1. Once the other residues with Cβ under 11 Å from the Cβ of R51 are scored (Lys, Arg +1; Asp, Glu -1), what is the net sum?
2. Under a Cβ-Cβ cut-off of 13 Å, what is the net charge of the residues other than P35 that fall near it, where Lys and Arg count +1 and Asp and Glu count -1?
3. For K38, go through the aspartates and glutamates and keep the ones whose alpha-carbon is under 18 Å away, minus same-chain ones fewer than eight residues off.
4. Please rank K132, K26, fewest neighbouring Cβ atoms within 10 Å first, as an exposure proxy.
Amino acid sequence: MTETLSLIRVVTLLCVQQDRVLLVRKQGSAYWMLPGGKPDENEAPLKTLQREIQEELGVDVVESRWFGRFSAPAANEAGFTVQAEVYCAALTGPAQASAEIAEVCWFDLNQLESAKLAPLLREHILPALVSKRRVGWVVRPRTHQLADLNWWVSVCRCL
């Protein structure tokens with residue numbers, strides 16, 4: 001199998017609120033990972049992010065900011081490498097498991113040692129998050145014209 005054929009490209013959401021990270025577990029998988037998925041043909045990364053989060057969590061994303069590109073062995077496909085374009089974004093409401101998602105959970109960033117995390121998340125994304133937090137990298141939603149203040153309170157922010 002060539003490297004191109006064994007590469008899975010995805011777009012994922014890194015959502016952190018009050019030192020908790022939003023993770024999902026897909027049906028049939030034991031691993032916790034960031035929500036998101038594969039782009040459709042010729043689909044822009046932010047369109048993929050919006051579509052996948054709507055499908056998997058039933059909410060929209062706003063205030064997207066590119067976090068990085070990371071690669072690691074795929075958690076659920078032996079012999080494959082997953083390459084993720086990771087974005088931080090705010091959510092428009094509470095996330096609910098739908099489509100192929102079995103569970104949605106907020107994990108405390110300080111208590112992830114015992115969680116069964118996908119290699120991409122454990123080996124690359126979380127260390128990058130720790131590093132970026134140390135240098136003061138912050139994503140905060142810009143001012144919005146909001147009619148529903150409860151929505152704003154529930155907005156997920158990347159740090």
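1. Combined, the nearby Lys, Arg, Asp and Glu give -4.
2. Working: positive: R25, K26, K38, R51; negative: E52, E55, E56, D60, E100, E103.
Summing Lys and Arg as +1 and Asp and Glu as -1 gives -2.
3. E3, E52, E55, E56, D60, E77, E85, E100
4. The fewest-first ordering by Cβ neighbours comes to K132, K26.
Bear in mind that the values in this text are calculations on the coordinates, not laboratory data. Just so it is clear, the structure is predicted and the values come from calculations on it, not from any experiment. Because the Cβ atoms are built from the backbone with ideal geometry, glycine has one as well, and the counts that use them run over all protein chains shown.
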